[in-house]
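One structure below.
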Amino acid sequence: MKGTIQQSLSGFYDILSDGHLYRTRARGNFRARNIKPIVGDRVEFSSDDDQHGYLLKVLPRVNELRRPPVANVEMAVVVTAVVQPTMSTNLLDRQLVALEKQGITALLYFSKTDLASDDEWSSFLPIAAGYRDAGYEVFAARDPFDQQQMQRLQKMLNGHVVTMMGQTGAGKSTLLNHLAPELNLKTGEISTALKRGRHTTRKVSLLRVGEALIADTPGFSSYEDLSISKEELPKLFPEMAKVAPNCRFRGCLHMKEPGCAVKAAVSDGIIMESRYDNYLQFQELIANRKPTYEKRRDH
Ligand SMILES: Nc1nc2c(ncn2[C@@H]2O[C@H](COP(=O)(O)OP(=O)(O)OP(=O)(O)O)[C@@H](O)[C@H]2O)c(=O)[nH]1
Ligand SMILES: [Mg+2]
Ligand SMILES: [Zn+2]
């Protein structure tokens, strides 16, 4: 049988298969082969009855996040509050770059839209449109829990392993509670889910939200260390990558080069200025962190 590990706890692996949960133990020499099954893993298992069984084989991983350890994450819901705190497109773009780097599809959900004044809302609208034009799926209804929006989001998540991302207090748990009220997640306090602290359990689990499996966590904390090369960065901005073939020079970094199609697209209002500014700032970060980057690359 095949399934997905939903939870791992002291030697047991709970495997979800066709809506059924099986509590299994690993059989065979996973440790000797240096394989540690983690949540999100697609696995083969045998079962003695409709509740128990043995984990036999971990199928090849598409990707693997370290913190928290989750395999095969295909999607991330990036939750960003439009107000409270003031929105930072810089932080959002960092998260998007990190996700692009991992090959994870980002869905942009904007929370606290109900708290925005009419003025704040009007200045937010072009930002939402900009991300949509950049190629991202955007969820930004005036009512953050608008039923149609919730249905559209749930539909996109179904069948996938998903991680939540976003600043603390952005509204990740709140959103999940609206998608699946039975979860009853704690909100309004720092979440300790999946973090290995002194007082937290070593349990790592994915939540069942409709037909999706979701990690309620910031996901991975690679915001600061963009271990990305300067040549790679422009490829992680999809809207820039799209027009880059029209730049005069191949390998154009869209900085000082003449005949740059990206800069032209920014001037023409086709690419968001904030995205381009953040791009330049990330390039600067990369330039300043070059030694660290090269060291890391060795292992
Ligand atoms: N009015 C309003 N309040 C919201 C919205 N989203 C979240 N909140 C409130 O913001 C606070 C923080 O929300 P949480 O869902 O706990 O935030 P979180 O992203 O899970 O935070 P961490 O678990 O610490 O990472 C809570 O008091 C929520 O009720 C929203 O869309 N509108
Ligand atoms: Mg939370
Ligand atoms: Zn260019």
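Select, from Ile15, Ile35, the only residue that is at pLDDT 95 or above, over 22 Å from Gly171 (Cα atoms) and not aromatic (Phe, Trp, Tyr). So that I can check it myself, show each step before the final result.
Working: Ile35 fails: at pLDDT 95 or above.
When all the criteria are applied, what remains is Ile15.
Being touching a strand residue (DSSP E or B) at 6+ places or on another chain (Cβ under 8 Å), assigned to a strand (DSSP E or B) and hydroxyl-bearing (Ser, Thr, Tyr), is that true of even one residue in the range 135-144?
Residues of the range 135-144 that are touching a strand residue (DSSP E or B) at 6+ places or on another chain (Cβ under 8 Å), as a first pass: 136-140, 144.
Remaining after also requiring assigned to a strand (DSSP E or B): 137-139.
Next, only the ones that are hydroxyl-bearing (Ser, Thr, Tyr) stay: none.
Within the range 135-144, none of the residues are touching a strand residue (DSSP E or B) at 6+ places or on another chain (Cβ under 8 Å), assigned to a strand (DSSP E or B) and hydroxyl-bearing (Ser, Thr, Tyr).
For Gln151, which of the numbered conditions (1) under 16 Å from Ser274 (Cβ atoms); (2) exposed (fewer than 15 other Cβ atoms within 10 Å of the Cβ) fails to hold?
(1)
Considering only the range 192-241, how many residues are at pLDDT 75 or above and surrounded by fewer than 19 Cβ atoms within 10 Å (Cβ to Cβ)? Walk me through how you get there before you give the answer.
The first filter runs over the range 192-241 and keeps only residues at pLDDT 75 or above, leaving 205-216, 227-241.
Adding the requirement that they be surrounded by fewer than 19 Cβ atoms within 10 Å (Cβ to Cβ) leaves 208, 210-211, 227, 229-232, 235, 238, 241.
Final tally of qualifying residues: 11.
Kindly indicate the residue of the range 55-65 that is more than 13 Å from the chain's Cα centre (by Cα) and closer than 16 Å to Lys36 by Cβ and also surrounded by the most Cβ atoms within 10 Å (Cβ to Cβ) among those meeting that condition. Quick ask: steps written out before the conclusion?
Initial filter on the range 55-65 (more than 13 Å from the chain's Cα centre (by Cα)): 55-62.
Next, only the ones that are closer than 16 Å to Lys36 by Cβ stay: 55-61.
On the way: Leu55: 24, Leu56: 15, Lys57: 16, Val58: 20, Leu59: 13, Pro60: 8, Arg61: 13.
Applying the filter and picking the extreme gives Leu55.
Is one or more of the residues making up the range 264-279 within 9 Å of ligand 3 (Cβ to nearest atom) and among the β-branched types (Val, Ile, Thr)?
no
Tell me whether the range 8-21 contains one or more residues that are farther than 19 Å from Gly210 by Cβ, part of a loop (DSSP other than H, G, I, E, B) and over 28 Å from the mean Cα position of the chain (by Cα).
no
Restrict the check to the range 111-125 and report whether at least one residue is over 23 Å from Pro234 (Cα atoms), among the small types (Gly, Ala, Ser) and under 17 Å from the mean Cα position of the chain (by Cα). Don't jump to the end; show me each part of the working.
Residues of the range 111-125 that are over 23 Å from Pro234 (Cα atoms), as a first pass: 111-125.
This time we only want the ones that are among the small types (Gly, Ala, Ser), so: 111, 116-117, 122-123.
If we keep only those that are under 17 Å from the mean Cα position of the chain (by Cα) as well, we get 111.
Yes, there is a match, as at least one residue in the range 111-125 is over 23 Å from Pro234 (Cα atoms), among the small types (Gly, Ala, Ser) and under 17 Å from the mean Cα position of the chain (by Cα).
Which numbered condition trips up Phe110, out of (1) part of a helix (DSSP H, G or I); (2) surrounded by 20 or more Cβ atoms within 10 Å (Cβ to Cβ); (3) not aliphatic (A, V, I, L, M)?
Unmet condition: (1).
Filter the range 252-268 for residues that are surrounded by fewer than 14 Cβ atoms within 10 Å (Cβ to Cβ) and either of a type in the set (Gly, Ala, Ser) or touching a strand residue (DSSP E or B) at 6+ places or on another chain (Cβ under 8 Å) (or both) and give the result.
Gly259, Ser267
The values are calculated or read from the model by the stated rules, or taken from the named source; none is laboratory data. Since the structure is predicted, the reported quantities are computational estimates derived from the model, not experimental observations. Virtual Cβ from ideal backbone geometry, glycine too; neighbours counted across all protein chains shown.
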